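The values are calculated or read from the model by the stated rules, or taken from the named source; none is laboratory data. Please read all numbers here as calculations on a predicted model, not as lab measurements. A quick note on method: Cβ atoms are made from the backbone with ideal geometry, for glycine too, and the neighbour counts reach across all protein chains shown.
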Amino acid sequence: MNEALRDLYQEVIMDHSRKPRNFRIPEHTNRSAEGMNPLCGDHISVHLHLKEHHIDEIGFQGAGCAICTASASLMTETVRGLDEADVQILFDKFHDLVTGHSDPLEAAEQVGKLAVFAGVSEFPIRVKCATLAWHTLRAALAGREGAVSTE
Amino acid sequence: MAGAIRIRNRKVMHQVHGMNTSLPKVAPKPQYDLARVRQDFPILSSKVRDQPLVYLDNAATTQKPQSMLDAVARYYSAENSNVHRGVHYLSVLATQRYEDARKTVARFLGAAPQELVFVRGVTEAINMIAQSFVRPRVGPGDEILISEMEHHSNIVPWQMIREQTGATLRVAPVNDRGELRMDAFTELLSERTRIVSVVHISNVTGTVNPVAEITRLAHEVGAHVLLDGAQAAAHTPVNVKELGCDFYVFSGHKTYGPTGIGAIYAPFALWEEMPPYHGGGDMIRLVTFERTTYNEPPYKFEAGTPNIAGAIGLAAALEYVEALGTLQVMRYEDELTSYLLDGLRSLPGIRIIGEAEQRAGAVSFVLDSIHPHDVGTLLDQEGIAVRTGHHCAQPLMKRFGVPATTRASIGLYNTAEEIDRLLDGLTKVQEFFGHE
């Protein structure tokens, strides 16, 4: 298997896809949303507790590919404790990273451990896998009803 | 003696789909010249990711032979004109080519030319039959019967009819092998059933449905029968008169022809009683502002300038398949399918989705703990094209309890070496994800 694949499936991503963190519905939640990618059938739900604009608890459920699952897992680890505005800033930077719209080295400093997703930019068809959890999180924060879709 | 048995079994396999348990593990070879056939398809010699392309996504669309491409180019470069109107040379020529194409496509199905209507493909075909034929005939209390293995294109048009008319949609279940449960199907059939619409060959599991029997049973209760031949035409001999069905539909791009063209067969008498689907030019006899009289079938159902080049290309594609022999193609694809299934079964941690006794060359599977999307991305890096996802058959995915599958689907030009490369690729995928 080639270099691009090694970049895509970093060790951290493989680890999180096999053993997703926060793969549960937290006891107390006041926001949740469902997200799906109708093209591949990936489906996840994000559940969180928002306290004075801060995410103080978050978990997710569902089934997806390695990229999708790892992204959801790492996202929940990263956004816990952040306020809504910071989540939006982080999402924008993450999105630039996976779509190849930012310098990977610069981005790495800005997104922390989410930098392992830089390899996704070489696989445009997989961007939706990496961003599904984030779109779902944003829908949950916005209190939008119904499922979000990547299409 | 063992040899004799083996030969007899192979003979049996030649007659019906999928007697795949008795085949020795030798690389299958077709009766036709495979190397030459592969040269006839320009795209097959291309490289993907620096490796020779292995194209195993034929259930999504097939590749195109040069003779088909030439026919389309010849039409546009030397024969292009509108059909059925002009008195000038080119218009007469184009009309003749278009109507010759209709004859070829009709012959391919064992039908008469006036029984064949050109459409964009199976989706438009099913929508046309649903709206023009079924909708005026059904209301509350009437039933439409489909199966659990249908493509979304044979589900959604009927849900629309249900909403529009109040008719009931019934779904015949499949068993764990992915076969239609004929006991349940028979039970669901009744005098209330107005139409039975089922797939001839499943695009997910490759299951070959007993469509002649289904037709016979449906006719016994007075229901009409629509068969979705998208995965069958050009993979197995089809004779609509022998099947006895009321409608048979297929898409050109899955039969080595162009996209945007397909066909519906129906007996002429059915076409005659059906109101038109689209109104416009070419489908009329006389138009006044008070009243319009329609042209006769099949023209009544081909409003507007048709896909002339598409029809000509489709005919050329079907002529290509006919020249190889549809039966020879089926036999070879059956052997290659057995070879693929044997190889897949020898892999650890694999589940084949659909193990029908009567089957064709669409083979779905899932690998333990590895999502089909990841499989697809890794195989793509090896130059191997397979389909991953729900294959527009979400209810069937649900039936088998999987969100998606990886599907390899065979065409007449695939080789045993390509199957070997797929199997090697899958082993690499399992190594990569640490699930050897």
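Data table
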{"item": "Residue that is within 21 Å of A:A115 (Cβ to Cβ) and either hydroxyl-bearing (S, T, Y) or more than 14 Å from every other protein chain (Cβ to nearest Cβ) (or both), where the choices are A:L82, A:L48", "result": "A:L82"}
{"item": "Condition check for A:N2: within 14 Å of chain B (Cβ to nearest Cβ) and farther than 18 Å from A:T131 by Cα", "result": "yes"}
{"item": "Count of region A:89-114 residues which are of a type in the set (G, A, S) and either out of contact with any helix residue (DSSP H, G or I) (no Cβ under 8 Å at 6 or more places or on another chain) or under 20 Å from A:R138 (Cα atoms) (or both)", "result": "1"}
{"item": "Scan of region B:416-431 for residues that are within 24 Å of A:A66 (Cβ to Cβ) and away from every other protein chain (no Cβ under 14 Å), ordered by number", "result": "B:R421, B:L422, B:L423"}
{"item": "Close pairs from region B:28-41: first closer than 14 Å to B:E418 by Cα, partner not in a helix (DSSP H, G or I), Cβ under 8 Å, at least 6 apart", "result": "B:L34/B:Y413; B:L34/B:T415; B:R38/B:Y413; B:R38/B:T415"}
{"item": "Filter result for the condition that a residue is surrounded by fewer than 19 Cβ atoms within 10 Å (Cβ to Cβ) and modelled with pLDDT under 95, over B:G86, B:G110", "result": "B:G86"}
{"item": "Residue list for region A:1-22, restricted to those being over 30 Å from B:A393 (Cα atoms), buried (at least 16 other Cβ atoms within 10 Å of the Cβ) and over 17 Å from the mean Cα position of the chain (by Cα)", "result": "A:D7"}
{"item": "Selected residue (only one of B:T215, B:T293 is at pLDDT 95 or above, assigned by TED's automatic domain parsing to the domain that holds B:R170 and touching a strand residue (DSSP E or B) at 6+ places or on another chain (Cβ under 6 Å))", "result": "B:T215"}
{"item": "Helices (runs of 4 or more DSSP H) wholly inside region B:367-436 that include at least 3 residues being modelled with pLDDT of 95 or more and more than 19 Å from B:G206 (Cα to Cα)", "result": "B:372-381, B:416-432"}
{"item": "Total residues in region B:389-415, condition away from chain A (no Cβ under 11 Å) and either within 23 Å of B:K64 (Cβ to Cβ) or of a type in the set (S, T, Y) (or both)", "result": "10"}
{"item": "Test result for B:T193, more than 20 Å from the chain's Cα centre (by Cα), outside the structural domain of B:F365 (by TED's automatic domain parsing) and among the β-branched types (V, I, T)", "result": "yes"}
{"item": "B:R135 being of a type in the set (K, R), surrounded by fewer than 24 Cβ atoms within 10 Å (Cβ to Cβ), in contact with a Ser or Thr (Cβ under 9 Å, 6 or more places away or on another chain) and in a loop (DSSP other than H, G, I, E, B)", "result": "no"}
{"item": "Some residue of region B:302-324 being exposed (fewer than 14 other Cβ atoms within 10 Å of the Cβ), free of Cβ contacts under 8 Å to residues at least 60 places away in the same chain, over 20 Å from the mean Cα position of the chain (by Cα) and not in a helix (DSSP H, G or I)", "result": "yes"}
{"item": "Cβ pairs under 7 Å, 6+ apart, first in region A:36-57 and within 30 Å of B:A393 (Cα to Cα), second in a loop (DSSP other than H, G, I, E, B) and of a type in the set (S, T, Y)", "result": "A:N37/A:T150; A:H47/A:T29"}
{"item": "Qualifying residue in region B:367-388 (condition: within 14 Å of another protein chain (Cβ to nearest Cβ), under 15 Å from B:A408 (Cβ atoms) and in contact with a Pro (Cβ under 6 Å, 6 or more places away or on another chain))", "result": "yes"}
{"item": "Qualifying residue in region A:23-34 (condition: buried (at least 23 other Cβ atoms within 10 Å of the Cβ) and either in contact (Cβ under 8 Å) with a residue 40 or more places away in the chain or within 13 Å of another protein chain (Cβ to nearest Cβ) (or both))", "result": "yes"}
{"item": "Residue in region B:283-290 that is at pLDDT below 95, over 30 Å from A:V127 (Cβ atoms) and surrounded by 16 or more Cβ atoms within 10 Å (Cβ to Cβ) present", "result": "yes"}
{"item": "From the options B:G354, B:G349, B:G434, residue that is away from chain A (no Cβ under 12 Å), surrounded by fewer than 23 Cβ atoms within 10 Å (Cβ to Cβ) and at positive phi", "result": "B:G349"}
{"item": "Residue within region A:144-151 that is over 23 Å from A:Q61 (Cβ atoms) and of a type outside the set (A, V, I, L, M, F, W, C) present", "result": "no"}
{"item": "Test: residue in region B:36-56 that is surrounded by fewer than 17 Cβ atoms within 10 Å (Cβ to Cβ), in contact with a helix residue (DSSP H, G or I) (Cβ under 7 Å, 6 or more places away or on another chain) and modelled with pLDDT under 95", "result": "yes"}
